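Okay, structure first, notes after.
Values in this text are rule-based calculations from the coordinates and carry no lab data. Nothing here was measured: the structure is a model prediction, and the numbers come from that model. Every residue, glycine as well, gets a Cβ built from its backbone with ideal geometry; the counts of neighbours run over all protein chains shown.
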Amino acid sequence: MSERTVYEYAVVRVVPRVEREEFINVGVALYCKKQRYAAVKMFVDASKCKSLFADVDLALIGKHLDSFERICAGDKTAGKLAELDQAERFRWLTAKRSTLIQCSALHPGLCISAEETHQALFEKLIL
């Protein structure tokens, strides 16, 4: 039997009009130190975004989310932030902010496989 280990996750949100504080959940970022796992899974439902703000710039959202994914993965072409270690990248990405892309509070849990848990959370919270 495999050992259960601690992980943390946050829901990634698109906030088309920050002043209204309305959001659409578009992804799940998950970090598990022991398994050296840090990743984000994303899916943007364009019709949901447009229902909050018809003039939302979906191309801009896509660029921001792509950058978010590349930083999380440690893609060196994503700039200096991507060069931080996994924990620092995850903490920076999930920090509280008032921008187009925001994250929920961090939620802890226990898992055997961070990757399988990540997929299950993504299916439950986003799809």
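For the reader, a short list of remarks on this structure follows.
- Principal axis analysis of the Cα atoms in region 32-81 yields extents of 41, 22, 10 Å, listed in decreasing size.
- Dipole magnitude for region 5-125: about 220 debye, using +1 per Lys or Arg Cβ and -1 per Asp or Glu Cβ, origin at the Cα centre.
- Crossing angle, helix 114-125 versus the chain [Cα axis fit, 0-90 degrees, rounded to tens]: 30
- Ellipticity at 222 nm from helices only: DSSP H runs of n ≥ 4 in the chain, each -39500 (n - 2.57), divided by the residue count, give -10000 deg cm²/dmol.
- Loop-resident trypsin sites (Lys or Arg not before Pro) (DSSP state other than H, G, I, E or B) in region 76-127 with no more than 14 further Cβ atoms inside 10 Å of their Cβ: LYS96, ARG97.
- Over 29 Å (Cα to Cα) - which of LYS50/LYS96; LYS76/LYS124; LYS34/LYS80; LYS33/LYS80; LYS48/LYS76; LYS33/LYS124 fall in this group: LYS76/LYS124; LYS48/LYS76
- Loop-located trypsin sites (Lys or Arg not before Pro) across region 28-59 with a Cβ neighbour count of 16 or fewer within 10 Å are LYS33, LYS34, ARG36, with loop assigned by DSSP.
- In Å, descending, principal axis extents of the Cα set of the chain: 50, 32, 20
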